[in-house]
Amino acid sequence: MALGVDYNIFLMSRVREESLRHGVREGVRIGLTATGGVITSAGVVLAATFAALGVIPLAFLAQIAFIVAFGVLLDTLVVRSLLVPALVRDLGPRAWWPGALSRLPEGEGPRRTGRRPDQSPGPPLRRPRRSGAPEPRRRAQADERARTRRRRSGAGPERELPELMVRVARGDQDAFAGVFDRVSGPVLGVVRSVLRDPAQSEEVAQEVMVDLWRSAARHRPDKGSVLNWALTLAHRRAVDRVRSEQAASDRARRVALLDHSPAYDEVTEEVESRLDRERVRRCLRGLTERQRQSVTLAYYRGLTYREVAELLSLPLGTVKTRMRDGLIRLRDCLGVTA
């Protein structure tokens, strides 16, 4: 009885949710499709559990096992899967009496009014008005319109730079801060395009800005704009830095060549190297095929133990063992004592 009540609550809860969206008849079909598999599998498992009592050699336990298992299967496969859904489908909305869902028209779902059918109608919802400071998007649009008006009126940064440079020539630090804000970005871009090194580019750009501060009085407005003058200084400084670095590199290379003096007999070293290579080849030929492959892949191709194992399709432990045995044989062949 308790099992039947649980199954019925599970089934009808899902049917009611689907009926709110699609109507009673369609909701019964969707709810049964969604829960039928769960109810059927649970009932079959429970029936099989009780049927297992029949293997005990006691007559009353076998009878109880048959009765309970048969009842569970009957309730699962007939009552909950056929009779209850068929009854609700035939009754339609009347199956939900006295709830609000029983007042739905036959075969129809609730209208999309933004509320559930069992809720009383209320006043239409209105979107609250926003108050306070304007949105970030509105502020950005206002700033963009203000910048557009300034450009049209001719009060842009290019028009302000000559006046600021005049004040910088008189030692006005606030004016130089304005020049720095307008010029430092393009200056760094020009220097970066020549040097490519971020650290050196920032250093050269700083030197250019110091030159602007020191030589502001030498600026000739009739010869060009402040920005062009600053970019010219930046390009010259960057090229000078490249030439200086190249000259330092050439000097270091020449000094290294002059200081190079062989500290050993090259002929003797070459002969010994060839003899050592020949001894190593001869000892490698004395290894087994697997040992030679493992040692060659590890020490001549720089592969790890795991990579050697994957390449040879062998277990990792096998590769380690063969490589250790191969190294021991190489040591004995070469006559290495330590």
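Worth pointing out:
- Relative to one another, the C-alpha centroids of the range 19-95 and the range 171-203 are positioned 80 Å apart.
- Counting only protein chain heavy atoms and rolling a 1.4 Å probe, the accessible areas of VAL255, VAL210 rank, largest first, as VAL255, VAL210.
- A 1.4 Å probe over all protein chains sorts VAL44, VAL88 by accessible area into VAL44, VAL88, starting with the largest.
- The range 168-306: C-alpha gyration tensor shape, a/c 1.5 cut-off, then a/b vs b/c: prolate
- Residue order by solvent-accessible surface for GLU18, GLU163, GLU245 is GLU163, GLU245, GLU18, largest first, with ligands and nucleic acids left out and a 1.4 Å probe.
The values are calculated or read from the model by the stated rules, or taken from the named source; none is laboratory data. On a predicted model such as this, the values are computed, not experimentally measured, just so you know. Side chains are part of the model used for accessible areas, which takes the heavy atoms of the whole protein and leaves out ligands, DNA and RNA. Shrake-Rupley method; radii C 1.70, N 1.55, O 1.52, S 1.80 Å.
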